[in-house]
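Please read the structure below before turning to the comments.
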Amino acid sequence: MAREYRKELFDRICEYCDQQGWKSRKADTEHGVITLRMSLDNKLKGIDLRIWVSETGFATYGIPPIAADKDSIGAVSEFVILANEALIYGNFEINTNDGEVLFRSSMICGEKFLPPLDLVEAVVDLPIFMWQKYGNQYLDVVVGGKDPAKVMA
């Protein structure tokens, strides 16, 4: 079943992706979702980027390929809390049922405002920047078993 979304906003985000040369994107025009695989220059190596467009805005999710398991979920939850303390725009989230961790940024556009490309860039790129910044620390906690407070100090 198709999901309602604002096509001109979806097209604006695709325009930004084209401008960046991101040709590998998958655009789901039935549901208003754009998916990309983004490379990072850290131990994490990359994330999946998913952009969900609605009728009144859009949200961008940066999702690493490694989730917390039952042994690390408590420490990763602490990592998420500590990382979020320093953030103003966007936030890390954890699904405590399956261990998936993501970084989310979003923009409310209303029904008429079409954001310029520089605002689209800010919302789309923020999860990439945050995983670039915190990816090594995340891996130290989720795989390396290190103490989140020490990793984030």
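Observations
- Entry remark, segment 17-31: residues being part of a loop (DSSP other than H, G, I, E, B), surrounded by 11 or more Cβ atoms within 10 Å (Cβ to Cβ) and not charged (D, E, K, R) number 4 in total.
- Contacts under 8 angstrom Cβ, first residue in segment 140-153 being on the phi < 0 side of the Ramachandran plot and in contact (Cβ under 8 Å) with a residue 60 or more places away in the chain, partner part of a loop (DSSP other than H, G, I, E, B) and hydrophobic (A, V, I, L, M, F, W, C), 6 or more apart: V142/I66; V142/A67; V142/A68; V143/I66
- Sole exception among (1) surrounded by fewer than 18 Cβ atoms within 10 Å (Cβ to Cβ); (2) of a type outside the set (K, R); (3) closer than 16 Å to K133 by Cα for E55, by number: (3)
- Exactly one residue among G74, G144 is out of contact with any helix residue (DSSP H, G or I) (no Cβ under 8 Å at 6 or more places or on another chain) and part of a helix (DSSP H, G or I), and that residue is G74.
- The condition (being of a type in the set (V, I, T) and outside any helix (DSSP H, G or I)) is satisfied by just one residue among I34, I13: I34.
- W22 vs. criteria at pLDDT below 95, at negative phi and of a type in the set (A, V, I, L, M, F, W, C): yes
- Among the residues of segment 1-10, those that are surrounded by 15 or more Cβ atoms within 10 Å (Cβ to Cβ) and assigned to a loop (DSSP other than H, G, I, E, B) comprise Y5, R6.
- Leading residue by the ranking (farthest from Y61 (Cα to Cα)) among those in segment 91-123 that are touching a residue at least 60 places away in the same chain (Cβ under 8 Å) and of a type in the set (D, E, K, R): E111
The values are calculated or read from the model by the stated rules, or taken from the named source; none is laboratory data. Just so you know, these numbers come straight off a predicted model, no measurement behind them. Every residue, glycine among them, receives a Cβ derived from its backbone with ideal geometry; neighbour counts consider all protein chains shown.
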